[in-house]
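Notes follow once the structure below has been shown.
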Amino acid sequence: MSTNEEANKHYRLGSEFLRNGDYESAIEEFESAVKLDENFPYAYDNIAICYRKQDNYKKAIKYYEKSLEIFPEGQVAIMN
């Protein structure tokens with residue numbers, strides 16, 4: 001998780017939207033999280049997951065790559 005509690009709040013809300021299949025709202029929340037903490041790999045991973053679920057692989061790859069820049073051993077980004 002992030003050291004920025006506000007970023008974590010956006011992350012948790014985004015995770016709820018993701019679970020409910022509301023990918024656009026989830027992306028908005030995860031993007032808010034990374035604006036508050038640009039070194040938050042889990043938020044980048046989840047943005048990528050949302051884009052992947054929307055079949056937007058180009059954007060998904062962009063966010064997985066950003067996640068790997070921050071956290072090269074991140075399993076979510078590596079596996080996807």
Next on the checklist: Can you sort 52, 19 by solvent-accessible area, 1.4 Å probe, largest first?
Outcome noted: 19, 52
Checklist entry - (1) 3, 20, 29, 26, 19, 4, 0; (2) 3, 14, 24, 25, 18, 11, 4, 1, 0; (3) 3, 14, 20, 17, 13, 11, 10, 6, 4, 2, 1, 0: which one is P(r) over Cα pairs in 5 Å bins from 0, in percent as calculated from this entry? => result (1)
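With +1 assigned to the C-beta of every Lys and Arg and -1 to the C-beta of every Asp and Glu, and no other charges, what is the dipole magnitude of the chain about the Cα centre in debye, to the nearest 20?
Values: 10 positive and 15 negative charges, 55 e Å.
For this selection, approximately 260 debye.
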Item to check | Modelled FRET efficiency - R0 30 Å, residue 73 with residue 24, Cβ distances, 0.05 increments | outcome: 0.50
Item to check | Where Cα atoms sit under 19 Å apart: lysine pairs in the chain separated by 8 or more or lying on different chains | outcome: 7
Checklist outcome for this item: From DSSP H assignment alone, runs of 4+ in the chain each adding -39500 (n - 2.57), the sum over residues rounded to the nearest 500 puts [θ] at 222 nm at -24000 deg cm²/dmol
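The values are calculated or read from the model by the stated rules, or taken from the named source; none is laboratory data. Since we're looking at a predicted model, the values are computed, not measured. A quick note on method: Cβ atoms are made from the backbone with ideal geometry, for glycine too, and the neighbour counts reach across all protein chains shown. Just so you know, the surface numbers come from the protein's heavy atoms only, side chains and all, with ligands and any DNA or RNA stripped out. Shrake-Rupley method; radii C 1.70, N 1.55, O 1.52, S 1.80 Å.
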